[in-house]
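Scroll down for the structure; my scribbles are underneath it.
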Amino acid sequence: MPRKVRFYAGCPVQGCKNSNSSIYWYHAPDNGKMYIYDDGFLECEDCETKGLIIDWLFDCGDHDYEYASYQGFLNMIAVLGHLEADEDFVDDCLEAGRKQRKRFKGK
């Protein structure tokens with residue numbers, strides 16, 4: 001069964017100045033807390049909207065909504081692992097990202 005942790009990480013958009021500044025992420029429509037799963041999914045706690053990280057748009061306040069890039073994803077997972085998750089969780093997230101690498105929509 002996939003494990004989840006509170007989504008507290010830097011912005012996964014390529015080139016964003018907030019990529020190294022971890023923040024708690026919230027779902028814009030309902031301000032619900034966001035969680036990241038070790039299988040590469042994100043989920044809103046309140047409305048239970050769930051999807052692959054590659055399909056979400058991110059707005060950290062520095063730019064409008066944009067897709068994560070693969071490089072941004074890797075940086076985000078590195079920061080997440082340092083702050084919120086254990087080594088096995090991080091390894092599983094990285095593996096999920098590698099499987100989806102060619103599908104990342106960000107630049």
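Results, tabulated for the structure shown:
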quantity: Long-range lysine pairs (8 or more apart or interchain), the range 4-101, Cα under 23 Å; calculated: 6
quantity: Prolate/oblate/rounded label for the range 21-83 (Cα gyration tensor, a/c 1.5); calculated: rounded
quantity: Stokes-Einstein D (µm²/s) once Rh is taken as the Kirkwood radius of the chain over alpha-carbon pairs, at 20 °C in 1.002 mPa s; calculated: 160 µm²/s
quantity: Length added when fully stretched, R6-D30, from 0.36 nm per residue minus Cα-Cα; calculated: 7.0 nm
quantity: Length gained when the stretch N20-Q100 is fully extended (0.36 nm per residue, less Cα-Cα span); calculated: 26.5 nm
quantity: GNM top mover of E43, E66, E87 - the chain, alpha-carbon springs below 10 Å; calculated: E87
quantity: Among G32, G61, G15: highest mean-square fluctuation, GNM of the chain, C-alpha pairs under 10 Å; calculated: G61
quantity: Spin-label pair D62/K50, simplified geometry with 7 Å Cα→Cβ offset, distance in nm; calculated: 3.1 nm
quantity: Unpaired by the 4.7 Å Cβ criterion, cysteines found in the chain; calculated: C44, C47, C93
quantity: Helix-only mean residue ellipticity at 222 nm for the chain, each DSSP H run of n ≥ 4 adding -39500 (n - 2.57), per residue, nearest 500; calculated: -8000 deg cm²/dmol
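Just so you know, all these numbers are worked out from the coordinates, no wet-lab data involved. Source: prediction; values computed, not measured. Every residue, glycine among them, receives a Cβ derived from its backbone with ideal geometry; neighbour counts consider all protein chains shown.
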